[in-house]
Amino acid sequence: MTPVLLPGPAELAVFATAVFVLNATPGVDFLLTVSRTLQGGVRAGVAAACGIAAGCVVHALAAAFGLAALLALHPQAFQLIQWAGAAYLVWLGLKMLRQAWRGGAADAAAAGTTGTPRLQPWGADFRSGLLTNVLNPKVALFFLAFLPQFVPATSPSATSSFLLLGAWFVAQGLVFLLLLVALAARLRRLQARPAVARALQAFGGLLFVALALRLLRERPLAA
């Protein structure tokens, strides 16, 4: 059989479909991209999406070179990252709830529909996306469990195949998130009313806290 680094067209179609389903399932990355776009516009949403993609690159490299396997074998390390990720999500959620309570974010969002929105540095949104993704150990374990299924048996280098599949995953995920940013940007007009903006802010904060609690309930073997 001819050595190949990537699976055939049929297997790649299954892979792409699975990646799409994963991306389209609402979770931390999905919620962060939408919330940052609603609050800060396209610029903030794109920055968060790029940070999330960078986090996926970290996970793909870790899985390709065996770091994710070590994480799966050491529950203490898994739980440490799990707690750190949950704490960061709670911090983001409480920050959004505080902004909704004070009304500052609502005023800024309303102003953003008619004038220049109040923006935080691009790097801050990028770091938010990066940290929410990197500090989610289930993403690392997903790469470890999912990608090897599509490495061809005739591949001359499993690591190279793993990296190529990881690059595909990251690229497709980034395209999806950018499309999500474009969709969420069209909904920003709903925030012209301060009450609506504050409700969306509070709802997003509660969802982040709920996601943190769900993350804490997960166990390495269940990932």
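Residues in the stretch 129-152 that are outside any helix (DSSP H, G or I) and within 19 Å of Ala54 (Cβ to Cβ): Leu135, Asn136.
Filtering the stretch 31-65 to residues that are of a type in the set (D, E, K, R) and surrounded by fewer than 24 Cβ atoms within 10 Å (Cβ to Cβ) leaves only Arg43. Of the residues Ser161, Ser155, the single one that is in a helix (DSSP H, G or I), at pLDDT 70 or above, surrounded by 14 or more Cβ atoms within 10 Å (Cβ to Cβ) and not hydrophobic (A, V, I, L, M, F, W, C) is Ser161. For the stretch 91-104, the candidate set comprises residues that are surrounded by fewer than 18 Cβ atoms within 10 Å (Cβ to Cβ) and part of a helix (DSSP H, G or I); within that set, the residue that is modelled with the lowest pLDDT is Gly104.
For the stretch 128-150, the set of residues classified as of a type in the set (Gly, Ala, Ser) and crowded, with 20+ Cβ neighbours inside 10 Å consists of Ser128, Gly129, Ala140, listed by residue number. Among residues belonging to the stretch 1-37 that are of a type in the set (Ser, Thr, Tyr) and outside any loop (DSSP other than H, G, I, E, B), point out the one that is farthest from Leu131 (Cα to Cα). Applying the filter and picking the extreme gives Thr17. Contact map, the stretch 31-43: residues that are closer than 14 Å to Phe126 by Cβ paired with residues that are in a helix (DSSP H, G or I) and among the charged types (D, E, K, R), Cβ distance under 6 Å, separation 6+ or inter-chain. Pairs shown: Arg36/Asp125.
The values are calculated or read from the model by the stated rules, or taken from the named source; none is laboratory data. Note that this is a predicted model, so its numbers are computed, not measured. Cβ coordinates were reconstructed from backbone atoms using ideal geometry, including for glycine residues, and neighbour counts include every protein chain displayed.
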